[in-house]
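Rule-based calculations on the coordinates, nothing more; no lab input. Note that this is a predicted model, so its numbers are computed, not measured. We place every Cβ from the backbone using ideal geometry, glycine too, and count neighbours over all the protein chains shown.
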Amino acid sequence: MTTYNHMYMPASFGDPDAEYEALVERVSLWDVSCERQVEVVGPDAFELVQYVSARDMAGCAVGRVRYAPVCDHDGTLLNDPMILKLAEDRFWFSIADSDLVLWVRAVGAERGLDCRVFEPDASPLGVQGPRAEDTVAVLLGEWVRDIPFFGFVEVEHDGIPFVLCRSGWSGQGGFELFLTDGSRGLDLWNAVWAAGEPFGIHPGGPTLNERIESGLFSYRADCGGEATPLEVGLGRFVSLDRADDFVGKSALLA
């Protein structure tokens, strides 16, 4: 057991070798509800998201995701979330381990923007591995195969509401199911488990050796507290040439 975003998270289910094998050869089911969401909603939601994000969010369509570093005014990396655009005036930051909700809320208040910033009832369940798509297709139908990488849809299965996103912290491919009714967590787990049994589904979680093999960055594990996104290899996700300002831009250009 470990902690992440002030929540307990299963570090292993007893056999790391079996968990790794399932992830790279079959399908792995992850309770990653500790991957918290920060919701920004309201008339000025885009303005706040655009100012906080070091990556240009203009042109991001509803139903799509962008990986977007967030910096402080000194250019220091505060988090490296995915940003989901749920509507023109509604976004989620799907965050790594830090209290980003406080930073985004403070920036919005300081700029007098008309929007709310809070943690919604949204808890991700990861389905990762070569047979992840097959598992989700059994659960929901063949149409899920058409969802593009970093694309998502809001769905319901047997009365269980969730956002289905083709994403996940592994190099094996798969989906994250952002449950939006916390009382249905066990129901969703059981439904995905049943769908994945023909493919050898196994419980697991983010796997250190697999993410290193896949070249995935881990915030704070791979950098100190003073690193910038440019120093940790995330420069391609920082839009230094955009015309508008963002938090940390002047420091990163210096």
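Of ASP80, ASP158, the sequence from fewest to most neighbouring Cβ atoms within 10 angstrom is ASP158, ASP80. Between GLU21 and GLU88, the FRET efficiency estimated from the beta carbon spacing at R0 = 35 angstrom works out to 0.20.
Karplus-based coupling profile of segment 118-128, in residue order and whole Hz: 7, 8, x, 7, 8, 10, x, 10, x, 10, 10, with θ = phi - 60° in 6.51 cos²θ - 1.76 cosθ + 1.60 and x standing for Gly or Pro.
Please report the relative contact order for segment 143-254, taking Cα pairs under 8 Å with a sequence separation of at least 6, and give it as a percent rounded to a whole number.
Over segment 143-254, the number comes to 15 percent.
For segment 149-254, the set of trypsin sites (Lys or Arg not before Pro) satisfying both a DSSP loop assignment and a count of at most 16 other C-beta atoms within 10 Å is given as ARG220, ARG242.
Helical runs assigned H by DSSP (4 residues or longer) give the chain a calculated mean residue ellipticity at 222 nm of -6500 deg cm²/dmol, each run adding -39500 (n - 2.57) before division by the residue total.
Taking the C-alpha atoms only, the angle from helix 185-196 to the longest principal axis of the chain is near 60 degrees. For segment 74-144, the relative contact order comes to 17 percent (Cα pairs under 8 Å, sequence separation of at least 6).
Across the chain, C-alpha contacts under 8 Å between residues 6 or more apart give a mean separation that, scaled by the residue count, equals a relative contact order of 27 percent.
Return, ordered by residue number, the residues of segment 135-151 whose backbone nitrogen is under 19 Å from a label point located 7 Å along Cα→Cβ of ASP181. Residues 139-141 qualify, since their backbone N sits under 19 Å from the label point. Placing +1 on each Lys and Arg Cβ and -1 on each Asp and Glu Cβ, with no other charges, gives segment 37-118 a dipole about its Cα centre of roughly 280 debye.
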